[in-house]
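Right, one structure below, let's go through it.
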Amino acid sequence: MLRNMSKGINISETYLVVPPNLNMKKMLKGEGKLQRDTIFTVLFGWLLSAMVYLVGGMDHLFIAVTIFVGLDYITGVLSAWYKKELSSRIGWWGLARKSLTFVFVIIAHQLDIIAGNSNDFMRDAMLMFIIGTEGISILENMGKLGLPVPKFITSALFKLRGEEDNQAESKEKI
């Protein structure tokens, strides 16, 4: 590639920019696999970064919420299967509701931005509320499966949800 270092780089002999076996005309027309893969990667990266921005970033609290939402869905499907009440229509509505849960996080984060809260108070409060709600739902699903539910976990989740007074009524439902 380089003949003489004192004379500089001979551009016509370098293949660093485009490999010699790459047909750029086909790629620009969309006939190459690299083009579709690149477009998919760019779109996926853009959507993911937009979601991370909208929810206020990926911290431990947000990761915990996504874990709780996933566990609630899984335990819900398992309890429906155990009770022989499994329905794809109900399952899809459950997924839609779980997805729309994150709209509340987006709203809370945007309210933090508007109010000038640099410590994400409303977002974190919404995430804690969702953890409490999803956790109670997980415990209900575990109860439907016939598993014992520890009282200290139930009381902690009711505190997160903000329902310390209604704790006795809801324990009867579980």
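The values are calculated or read from the model by the stated rules, or taken from the named source; none is laboratory data. Since we're looking at a predicted model, the values are computed, not measured. Cβ coordinates were reconstructed from backbone atoms using ideal geometry, including for glycine residues, and neighbour counts include every protein chain displayed. Just so you know, the surface numbers come from the protein's heavy atoms only, side chains and all, with ligands and any DNA or RNA stripped out. Shrake-Rupley method; radii C 1.70, N 1.55, O 1.52, S 1.80 Å.
When the residues of segment 77-107 are filtered to those that are more than 20 Å from VAL65 (Cα to Cα) and not hydrophobic (A, V, I, L, M, F, W, C), which remaining residue is least open to solvent (accessible area, probe 1.4 Å)?
So the residue we want is SER79.
Could you tell me which of the residues LEU100, LEU86 is within 18 Å of MET51 (Cβ to Cβ), free of Cβ contacts under 8 Å to residues at least 12 places away in the same chain and not polar (S, T, N, Q)? Can you show your working first?
Working: LEU86 fails: within 18 Å of MET51 (Cβ to Cβ).
So the residue among LEU100, LEU86 that is within 18 Å of MET51 (Cβ to Cβ), free of Cβ contacts under 8 Å to residues at least 12 places away in the same chain and not polar (S, T, N, Q) is LEU100.
Give the residue that is modelled with the lowest pLDDT, with candidates limited to residues of segment 117-128 that are open to solvent by 60 Å² or more (accessible area, probe 1.4 Å) and outside any helix (DSSP H, G or I).
The qualifying residue modelled with the lowest pLDDT is SER118.
Any residue at all in segment 37-45 that's assigned to a helix (DSSP H, G or I), touching a helix residue (DSSP H, G or I) at 6+ places or on another chain (Cβ under 8 Å) and among the β-branched types (Val, Ile, Thr)?
The answer is no, given that none of the residues of segment 37-45 is assigned to a helix (DSSP H, G or I), touching a helix residue (DSSP H, G or I) at 6+ places or on another chain (Cβ under 8 Å) and among the β-branched types (Val, Ile, Thr).
Cβ-Cβ below 8 Å, separation at least six or inter-chain, first residue in segment 114-135 and in contact (Cβ under 8 Å) with a residue 12 or more places away in the chain, second part of a loop (DSSP other than H, G, I, E, B) and small (Gly, Ala, Ser): which pairs?
Correct list of pairs: ASP120/GLY56; ARG123/GLY56; PHE129/GLY162; GLY132/GLY162.
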